[in-house]
Each structure stands twice: as structure tokens, then as C-alpha cells.
Amino acid sequence: MISKKLGNHFSYDFLEVIKIKHLKVKPYDLKAYSLIFTSVNAVEAFFENGFMPNENFVERDFNKIYAVGLQTKRELRKNGFGTFKVAKHAKELADFIIKNNNKEKFLHFCGNLALNVLNNALPLQNISYKKVPIYETQLLYPQVSGDYDAVCFFSPSGVRSFAKHNSLDQYLLFSIGETTESEIKKFTKNEVITSSESNMDDLLNLIAKYDAQKK
């Protein structure tokens, strides 16, 4: 999302920087695994492929579901499933698993460009962990023209796509979470205003507050 000042208010444009393609993955038995979802896209692709968790807690081999982000939790709920643990970002989830649930076996349903935060942390603690790519992210590398003041990023892959042909140094920068903020800082030394809750509602509130302060 990019914005420009018009009089006493901001206008907003949404710029397509990535494309998502769901992969065809034959569903298989998830028995005895805990499931990790770190994006809405992963949840959508998971159910589109016909996977079905076992959430019957009376049975011994039910699937615990872990999620990163409020939007991911909401998407799971839309499909009729709750979450055992929701973390703000992958590092927080990794720390929680290592401390509290290190005897479980984990399947991480994700995109092909998912960062290796969990992959780098869990196996080092001898925790069974496997990535299952279930969608592909294509970077579009757009070139931006126009007089914009701010850019808001929702994912690390979006940052990489935008920064390929556009400098970040001229913009006020907003980020949906710490992982995305870390990616932004690879391309600029500018301050990044980041949602502490790592969700859309909090990020939009941050933008509104910043706008009000500047008036």
C-alpha cells in the first residue's frame, strides 16, 4: 500500500507486488503431527487441497494447530478450526515451542519463500520439524511512478519485490510486523513504524494516529 497527501488527508493506492499460486498437494494422514500455519495463504491452500485436521481432543492423536498472526487465526476459524497457540511472529512461536512443546512433531504448511526462522530454530533443539510448501509466491518487481509519501508493507516478500526497482529512502515506512521490518531494514536506514500486534487493524490505527499527529 502506498499513500500520498491530498490537502488535509491521505489517499491510498494498493500496489500488486506479489502473486500467489496454490500448489496441488495430495492430502495425507496428519496423525500424530502438530500443524503450523504462518499465513492466510497457507490456510487457504491447505483446505483447498482437501487436508483435514483432527481436532477431536478426546482422541489421542488429535492435531494441535499453531498459527502466526491474527489474520491466520481468523482464516482457520472460517474453516471451522481453532488454534492451540497464536504468536505475533515466527520467532515468538519458535521460542514458545522450544520452551513448552518440544516433544511434538511439527508440519509447517507455508509458501516456497517462507523464511527459515522455524527451520533454523527447532531442529537445533532436536524437535521434529518439516516444511510443507503448499503455495508459491511470485515477485512482480513493479516500478512506481507518482508522488507518494509513504509505503506500507505486509510481508518480507513484498518488501523484496518493491525494493528491486524502487528506493525506500524517500518514503515514510510502515510495517505489519517485526519480520517484515527486518526485511525493510536491509534496504534502508530510514525509521520503520511497525505494528506491535502484527495485524492489519493495529497497523491501520498506527497510520491514522501518525496522520492525526501531523495535522
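The values are calculated or read from the model by the stated rules, or taken from the named source; none is laboratory data. Since the structure is predicted, the reported quantities are computational estimates derived from the model, not experimental observations. Don't worry about glycine lacking a Cβ; one is built from the backbone with ideal geometry, like all the others, and counts go over all protein chains shown.
Does region 170-184 contain at least one residue that is surrounded by fewer than 17 Cβ atoms within 10 Å (Cβ to Cβ), touching a residue at least 24 places away in the same chain (Cβ under 8 Å) and not in a helix (DSSP H, G or I)?
Step one: of region 170-184, the residues surrounded by fewer than 17 Cβ atoms within 10 Å (Cβ to Cβ) are 170.
Narrowing further to those that are touching a residue at least 24 places away in the same chain (Cβ under 8 Å): none.
The answer is no; no qualifying residue exists.
Count, please, the residues in region 113-131 that happen to be surrounded by fewer than 17 Cβ atoms within 10 Å (Cβ to Cβ) and touching a residue at least 40 places away in the same chain (Cβ under 8 Å). Walk me through it before giving the result.
Of region 113-131, the ones surrounded by fewer than 17 Cβ atoms within 10 Å (Cβ to Cβ) are 113, 116, 120, 123-126, 128, 130.
In the following step, the residues that additionally are touching a residue at least 40 places away in the same chain (Cβ under 8 Å) were identified as 113.
The qualifying residues number 1.
Please pick out the residue among S196, S167 that is closer than 28 Å to K99 by Cβ, part of a loop (DSSP other than H, G, I, E, B) and either among the small types (G, A, S) or not assigned by TED's automatic domain parsing to the domain that holds V40 (or both). If you could, list the steps in order and put the result at the bottom.
Numbers: S167 fails: closer than 28 Å to K99 by Cβ.
When all the criteria are applied, what remains is S196.
Yes/no matrix, rows are residues, columns are (1) at pLDDT below 90; (2) among the charged types (D, E, K, R); (3) out of contact with any Gly (no Cβ under 8 Å at 6 or more places or on another chain):
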{"residue": "K105", "(1), (2), (3)": "no, yes, yes"}
{"residue": "T137", "(1), (2), (3)": "no, no, no"}
{"residue": "Q143", "(1), (2), (3)": "no, no, yes"}
{"residue": "E191", "(1), (2), (3)": "no, yes, yes"}
{"residue": "K209", "(1), (2), (3)": "yes, yes, yes"}
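Could we say that L107 is aliphatic (A, V, I, L, M), over 26 Å from N166 (Cβ atoms) and either in the same structural domain as K64 (by TED's automatic domain parsing) or part of a helix (DSSP H, G or I) (or both) here? Spell out how you get there, then give the answer.
On the way: aliphatic (A, V, I, L, M): yes; over 26 Å from N166 (Cβ atoms): yes; either in the same structural domain as K64 (by TED's automatic domain parsing) or part of a helix (DSSP H, G or I) (or both): yes.
The answer is yes for L107.
Would a scan of region 74-91 turn up a residue that is among the hydroxyl-bearing types (S, T, Y), in a helix (DSSP H, G or I) and within 19 Å of the chain's Cα centre (by Cα)?
Keep residues of region 74-91 that are among the hydroxyl-bearing types (S, T, Y), which gives 83.
Imposing the further condition that a residue be in a helix (DSSP H, G or I) reduces the set to none.
Checked region 74-91: no residue is among the hydroxyl-bearing types (S, T, Y), in a helix (DSSP H, G or I) and within 19 Å of the chain's Cα centre (by Cα).
Could you check how many residues of region 149-164 are in a loop (DSSP other than H, G, I, E, B) and at pLDDT below 95?
Filtering region 149-164 down to residues in a loop (DSSP other than H, G, I, E, B) leaves 149, 154-155, 164.
From the residues that got through so far, the ones that are at pLDDT below 95 too are 149, 154-155.
Qualifying residue count, region 149-164: 3.
Need a quick list: strands (runs of 3 or more DSSP E) entirely within region 13-69 having at least 2 residues that are of a type in the set (A, V, I, L, M) and surrounded by fewer than 18 Cβ atoms within 10 Å (Cβ to Cβ). Walk me through it before giving the result.
On the way: elements: 18-22, 33-37, 65-68.
Once the strands (runs of 3 or more DSSP E) in region 13-69 are filtered for at least 2 residues that are of a type in the set (A, V, I, L, M) and surrounded by fewer than 18 Cβ atoms within 10 Å (Cβ to Cβ), nothing remains.
If you check V151 against the conditions, is it farther than 29 Å from L23 by Cβ, surrounded by 14 or more Cβ atoms within 10 Å (Cβ to Cβ), out of contact with any helix residue (DSSP H, G or I) (no Cβ under 6 Å at 6 or more places or on another chain) and touching a residue at least 40 places away in the same chain (Cβ under 8 Å)? Even if it seems obvious, please write down each step before you answer.
Working: farther than 29 Å from L23 by Cβ: yes; surrounded by 14 or more Cβ atoms within 10 Å (Cβ to Cβ): yes; out of contact with any helix residue (DSSP H, G or I) (no Cβ under 6 Å at 6 or more places or on another chain): yes; touching a residue at least 40 places away in the same chain (Cβ under 8 Å): yes.
Against the criterion (farther than 29 Å from L23 by Cβ, surrounded by 14 or more Cβ atoms within 10 Å (Cβ to Cβ), out of contact with any helix residue (DSSP H, G or I) (no Cβ under 6 Å at 6 or more places or on another chain) and touching a residue at least 40 places away in the same chain (Cβ under 8 Å)), V151 qualifies.
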